[in-house]
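For reference, the structure is listed below as structure tokens.
The values are calculated or read from the model by the stated rules, or taken from the named source; none is laboratory data. All values derive from a computational prediction rather than experimental measurement. Because the Cβ atoms are built from the backbone with ideal geometry, glycine has one as well, and the counts that use them run over all protein chains shown. Note: areas computed on protein heavy atoms with side chains; ligands, DNA, RNA excluded. Shrake-Rupley method; radii C 1.70, N 1.55, O 1.52, S 1.80 Å.
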Amino acid sequence: MIKSKTVLVKDKRGIPCIMERVEKCLHRDIDPTVTGDAIHPMFIIRDKVVDAIYLPKYISSMVDGIPYSLPIQTPATGLNFDEVIECHRLKGDGWHTMTAVEWKFIEDCINLSGKEPHGNTHFGRYHANESEKGIPSAKYREITLTGSGPDTWYTGHSKDGIADFIGNVWKIVTGMRMVDGKIQYIKNNDAAAPDCDMSENSAEWADVLIDGKPLKASFVDDEVCFVATDDETVGDYGGSRWKDVEINIENIPDYVKALGIFPAKQADNDAIVYVDTEEGERVPLRGGSFSNTSDAGSSALYLGGERSHAYGNVGFFSAYYEVKADC
């Protein structure tokens, strides 16, 4: 059983965020396809095991250039990848943009519960039931204020969960990317570390290898495909629903499962995965936005934007861990 509780965590300015403190657990506790007694990679930072990760209750909003997890706020948008990373480092040690493994941990929790959250997927309302709506932002009417939707817009369909995980705005995550169609990552949860170098040419990025071969994405014949190969793949761009994606991999390693490249559940999964494999680096966005309707979802993945791009429909989640002297 995953142990968690809602807490207030103050940053170095003494201003609190509302967070969900999740105690360390085994990888198999959250992903039933994993065997063995390995600690979940989310709790391993710079080769040290941390006692807990503090996940956000709300999409981040900005106060004087610093992000906060607070209710009934306009989500922060219009920042690029590097700007989102930097604003968390201004907040203090341990604060960071939600990482790929943290996102997948939440997705795995959703999969275990069997309750996929709803959300703002159609300009302030839930596309499949438009009686479900949030409070529109005075600044951007199509975006709803953080946590202002009904219970079903939270993970677990309860206000005890995380709000707006699905829809409202796409969410930037760190620690995973695609370069020329090749998937790369930063090991364990090192992307959460204050000193992690996530610049484009950083040596911390490594190829995702499966049986010694790099994992690559391609878009061929109007279909997204993933394959581990040393061969060249066709550079193109486009999207598919996960239920239609071709995954030509027999055994997916546990560390790859934790990265969230592949969904916790593929069958009947209408969430979109979009890839632009033509040229250069692409950074990940998760969850969908206010205009994605049925394309949004906990496994929705957009690998089509450059790190320099900033969009009005893209925000982010903030997370935290306690930095100790030996971490």
Search segment 34-45 for residues that are closer than 12 Å to Lys24 by Cα and pair each with any residue that is open to solvent by 30 Å² or more (accessible area, probe 1.4 Å) and among the aliphatic types (A, V, I, L, M) when their beta-carbon atoms are under 8 Å apart and the residues are at least 6 apart or on different chains. Ala38/Leu26; Ile39/Leu26; Ile39/Val49; His40/Leu26; Phe43/Val49
Selection count where residues are under 14 Å from the mean Cα position of the chain (by Cα) and of a type in the set (Phe, Trp, Tyr), scope segment 49-67: 1
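Answer yes or no as to whether Pro117 is at pLDDT 95 or above, in a loop (DSSP other than H, G, I, E, B) and in contact with a helix residue (DSSP H, G or I) (Cβ under 9 Å, 6 or more places away or on another chain).
Details: at pLDDT 95 or above: yes; in a loop (DSSP other than H, G, I, E, B): yes; in contact with a helix residue (DSSP H, G or I) (Cβ under 9 Å, 6 or more places away or on another chain): yes.
Spelling it out, Pro117 is indeed at pLDDT 95 or above, in a loop (DSSP other than H, G, I, E, B) and in contact with a helix residue (DSSP H, G or I) (Cβ under 9 Å, 6 or more places away or on another chain).
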Selected residue [within 28 Å of His309 (Cα to Cα), among the acidic types (Asp, Glu) and surrounded by fewer than 20 Cβ atoms within 10 Å (Cβ to Cβ)] from Asp51, Asp93, Asp47: Asp93
Within segment 82-130, restricting to residues that are of a type in the set (Ser, Thr, Tyr) and under 15 Å from the mean Cα position of the chain (by Cα), the one that is nearest to Asp295 (Cα to Cα) is Thr99
Sole miss for Glu107 among (1) open to solvent by 60 Å² or more (accessible area, probe 1.4 Å); (2) in a helix (DSSP H, G or I) is condition (1)
Residues satisfying the stated conditions in segment 124-154, i.e. in contact with a Pro (Cβ under 9 Å, 6 or more places away or on another chain) and touching a residue at least 60 places away in the same chain (Cβ under 8 Å): Gly124, Ser137, Tyr140, Glu142, Ile143, Thr144, Leu145, Thr146, Gly147, Ser148
Residue list for segment 114-141, filter: open to solvent by less than 60 Å² (accessible area, probe 1.4 Å) and either among the acidic types (Asp, Glu) or closer than 30 Å to Ile44 by Cα (or both): Pro117, Glu132
Check segment 112-130 and report whether any residue there is closer than 30 Å to Val323 by Cα and of a type in the set (S, T, N, Q). no
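Within segment 17-49, can you find the residues that are out of contact with any Phe, Trp or Tyr (no Cβ under 8 Å at 6 or more places or on another chain) and part of a strand (DSSP E or B)?
As a first pass, look at segment 17-49 and keep what is out of contact with any Phe, Trp or Tyr (no Cβ under 8 Å at 6 or more places or on another chain): 23, 26-29, 31-39, 43-44, 46-48.
Hits for segment 17-49 are Glu23, Leu26, Ile39, Ile44, Lys48.
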Within segment 66-90, residues assigned to a helix (DSSP H, G or I), in contact with a His (Cβ under 9 Å, 6 or more places away or on another chain) and either among the small types (Gly, Ala, Ser) or open to solvent by less than 10 Å² (accessible area, probe 1.4 Å) (or both) come out as Phe81, His88
Identity of the residue in segment 1-16, among the charged types (D, E, K, R) and either out of contact with any strand residue (DSSP E or B) (no Cβ under 8 Å at 6 or more places or on another chain) or not in a strand (DSSP E or B) (or both), that ends up most open to solvent (accessible area, probe 1.4 Å): Lys12
Taking the condition open to solvent by 40 Å² or more (accessible area, probe 1.4 Å), closer than 21 Å to Glu86 by Cα and polar (S, T, N, Q), does Asn251 pass? no
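From the set of residues in segment 254-269 that are touching a Pro at 6+ places or on another chain (Cβ under 8 Å) and over 21 Å from Ser218 (Cβ atoms), which is most open to solvent (accessible area, probe 1.4 Å)? Give the derivation first.
Start the filter on segment 254-269 by keeping residues that are touching a Pro at 6+ places or on another chain (Cβ under 8 Å), which leaves 255, 258, 269.
With over 21 Å from Ser218 (Cβ atoms) added as a condition, the list becomes 255, 258.
Numbers: Tyr255: 76, Ala258: 1 Å².
Applying the filter and picking the extreme gives Tyr255.
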